[in-house]
Amino acid sequence: MPNCNSCKNPVSVTSIHCEWCGAKTVRVEEIKSENNGKNSESSLTDFMNKLNDVENEIIKENDGAGTWGALDGMLTRAFGNSKIDSLNQKKATIIKTFPLPKNPDDLLEIGNLSVSNFKNTKVNRVALTDNARNENKINKPIKDAWKTKAEQAISLLTIYSRSDDFIRQQIELLKLELVEDKKGWFK
């Protein structure tokens with residue numbers, strides 16, 4: 001059983017705050033060993049850097065598109081852009097396969113990031129135009145990946161919520177945010 005960093009009394013493994021003095025428990029050794037010697041913050045930074053790299057590749061690919069004018073637009077609508085499709089699939093794979101940290105603060109950060117990206121990734125309920133259908137084709141796997149990651153973070157956070165009311169409240173807020181609002185057909 002680990003000891004509190006402040007008062008040196010024993011604390012349970014799942015506690016975020018010491019039961020004796022209320023200080024936040026920090027387990028640097030556990031965090032580093034779980035992330036192969038890296039702390040969780042650098043792991044989250046690596047995750048964001050990977051996503052940003054893929055996003056930059058997508059932007060670069062989009063900047064190169066359109067050199068053929070109207071013909072390019074027709075070809076893209078007819079056949080799609082396999083490079084951009086593969087980059088979007090790569091982005092969804094990075095999101096799905098990112099290992100969740102064991103630190104509750106980092107889990108909350110991943111949960112909030114995932115829920116926010118889930119809510120802000122646009123998928124049309126009714127895709128009447130080619131652009132809307134293409135947007136759905138691109139965004140649906142990414143939106144699903146963010147939802148899955150948020151659900152994974154929430155399920156891991158429930159372990160910590162047994163001994164921490166703050167985490168329990170945050171889980172409820174994340175669950176509420178994760179439910180899509182259904183205020184009409186065209187939203």
Report summary line: For the range 119-154 the number of residues that are open to solvent by 20 Å² or more (accessible area, probe 1.4 Å), within 19 Å of residue 44 (Cβ to Cβ) and at pLDDT below 90 is 1
Query raised in the report: How many residues are touching a residue at least 24 places away in the same chain (Cβ under 8 Å), assigned to a helix (DSSP H, G or I) and of a type in the set (A, V, I, L, M, F, W, C) when one looks only at the range 118-155?
Result: 8
Report task. Keeping to the range 108-118, report how many residues are open to solvent by less than 30 Å² (accessible area, probe 1.4 Å) and either in contact with a strand residue (DSSP E or B) (Cβ under 7 Å, 6 or more places away or on another chain) or closer than 15 Å to residue 96 by Cβ (or both). Result -> 3
Report summary line: When the range 7-52 is checked residue by residue, the ones that are of a type in the set (S, T, N, Q), at pLDDT 75 or above and open to solvent by 60 Å² or more (accessible area, probe 1.4 Å) are 45, 49, 52
**Report entry** residue 102 being among the basic types (Lys, Arg), touching an Asp or Glu at 6+ places or on another chain (Cβ under 9 Å) and closer than 25 Å to residue 43 by Cβ
**Finding:** yes
Requested in this report: Mind listing whichever residues of the range 90-107 are open to solvent by less than 20 Å² (accessible area, probe 1.4 Å) and either of a type in the set (Val, Ile, Thr) or more than 21 Å from residue 158 (Cβ to Cβ) (or both)?
Outcome: 92, 95
Requested in this report: Name the residue, out of 164, 181, that is closer than 18 Å to residue 100 by Cβ and either modelled with pLDDT under 75 or acidic (Asp, Glu) (or both).
Outcome: 164
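The values are calculated or read from the model by the stated rules, or taken from the named source; none is laboratory data. Just so we're clear, the structure is a prediction, and the values are computed from it rather than from any experiment. Using ideal geometry, Cβ is built from the backbone for each residue, glycine included, and neighbour counts are taken over all protein chains shown. All accessible areas refer to the heavy atoms of the entire protein, side chains included, with ligands and DNA or RNA removed. Shrake-Rupley method; radii C 1.70, N 1.55, O 1.52, S 1.80 Å.
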